[in-house]
Amino acid sequence: MPHSSPQRTSTCAFLSLWAAAGLAAAMVVLLGGEIAPTPWTHITVQGTKCVGSAVQGWYFPHGKQGCLTAVDSTNHRQLKEMGSHPDNIHYSFQVPPVEGGGGGYSRWQRRLYAVLRLRLLHRDGYFSGHSSKVTLRTRLGYTQAGQPYTPAVIASSYQERKLYCNSVKRHTFRGQTFDCSPQVLAVLFSLQHERYLLNLLIPTRRDDTNEWTNRNLGLVTDVYVTFFSQAAWYVRVLLGLQVLFFPAVVVLLWRFRRSVAALERPPNHLECVLALLAMALLIVNCPLEVVALLVECPWLVVVNDVRKNFFYASFMTFFLYLTDKHLEPGRVCPHAKKAMNLSIRSGTLAIVIVDMTEHIVSIQNPLAATYEPMHLSMSMLMYAMLACYLCCISVRTCAALDAIRRKGVAQEEETRCQEAMVLVFTWLVFCLSAADFVLKRLHDGMWMWEYSFGQLEIENTGGFLLGVFCLWNTYTCVLLVVYSPLKKAPQPRVRIDMSRVVGVPLRARQSPSFVDLRVTTL
């Protein structure tokens, strides 16, 4: 492929560029691990049991309007003495808790997930520990700094969730205790307020449909809600990297485009896919998160879904072409390229559709049911497709490296080594990007995997995710420098056919005026 290989870059400059890229990524990993070790933070709050009348329709766990505590929801005698009923027990959660003395949520934290965890007690009768449906009446609101007892309503509705419960222990006089799988109660994609208030009721009869509910659920002993939110320092460091790399990629892409436009030929395929990769990275680097600091924009999560998947598809397409250009047509799995291109497009489209649908529904209604079975099945499918793609692209990379080695004297040794190194570095970046994709999917739904795999310990991965993001940028910047085409094509080497000059005196052959030569371009 003419004028598209790194043969114009000296070995010293070539190695220096890649060493600088790796050093920058390593520094970001260390910095991120020190400042933002985890991309998510969480706090688990036990629900305060409230009986009696609500204050302006709300129950507060603390303060002068706080609920009556020390209520045993499984003790019917105590409830009867209090003149109450299990249907009148409301569970109140306020986050961050006021009694801790800490500050409220920051706009840097962007997302908030409220995940329910129930502990049930069943004495007699039939109870399915494998699965059971629970109906909840949920009310979500927020409080202002100077008005802690006048919350504003965000959403209020009935919810139905399917529980998977495991037996914990059996009491001699009380019955069987079950811990149930976590269920998402509320999802917020924009944190514009300091504190949030959540009221929860587990009724035996619905007011809207007048139907009996929770008949075989058992007695609720305790209710816990875990609030997951993004770490503020992780978002700050990520936004700083975006602001840093955005102008750098713009300048290098402009220089690359001007170099391609100065040629007398149209851009080749490698230059097109590299420009597409740089444009996709430019879209990812665009610091749109600044808008979320100024105004409420939950729709930003949908934009992030599109631009992240666009970058993944562009990078996989670039890597596929980078290996394909060294292989002879039909040598290694002749239909593999078409199948891999199809899998890239279909897989990326499936991820975008599923994630966008789930996020748009949550934006419209923060208390809507999440598509957990679909999320889990799509995630497993994508992990399987990613593993297959990794195996196929690894085979093609090895075949491409072997093809570069077999070029022999047809190409300079320095150029062949540089092309081989570009392939190896691209393969390493792809493997790290695959790990980044898997970790982000696990982080975004870590509570969904508990029932199948137990509690996931994926806390200290902030430095790794930030380092991969930095590596995308440094890798693309190095490629834009290395593969930048020359303004003028190099002069071809010539070979003189000495059979035409037999009989000519040696002095005449060496004369500059001698032009009777047959020139063959190498």
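Just so it is clear, none of the values below were taken in a lab; they were calculated from the coordinates. Everything quoted here is computed from the prediction, not taken from an experiment. Don't worry about glycine lacking a Cβ; one is built from the backbone with ideal geometry, like all the others, and counts go over all protein chains shown.
First measure r as the distance between the Cβ atoms of VAL291 and ILE35, then evaluate 1/(1 + (r/R0)^6) with R0 = 30 Å and state the FRET efficiency to the nearest 0.05. After rounding to 0.05, the efficiency reads 0.80. At full extension, VAL250 and MET27 could sit 78.0 nm farther apart than now, given 0.36 nm per residue minus the alpha carbon distance. Specify whether the C-alpha gyration tensor of region 245-302 places it in the rounded, prolate or oblate class, a ≥ b ≥ c being the square roots of the eigenvalues: rounded for a/c under 1.5, otherwise prolate if a/b is larger than b/c and oblate if not. Because a/c hits 1.5 or more and a/b exceeds b/c, region 245-302 counts as prolate. Based on every Cα atom in region 148-307, Rg and the maximum pairwise Cα distance Dmax equal 26.1, 89 Å.
Could you list, in their original order, any pairs among LYS49/LYS162; LYS133/LYS440; LYS308/LYS338; LYS162/LYS308 whose Cα atoms are separated by more than 27 Å? From the list (LYS49/LYS162; LYS133/LYS440; LYS308/LYS338; LYS162/LYS308), the Cα-Cα distance tops 27 Å for LYS133/LYS440; LYS162/LYS308.
Can you tell me the FRET efficiency between ASP222 and LEU276 if r is taken as the Cβ-Cβ distance and R0 is 51 Å, rounded to the nearest 0.05?
On the way: r = 54 Å, r/R0 = 1.05.
Working from the Cβ atoms, E equals 0.45.
Using only Cα coordinates, the Kirkwood hydrodynamic radius of region 149-240 works out to 17.1 Å.
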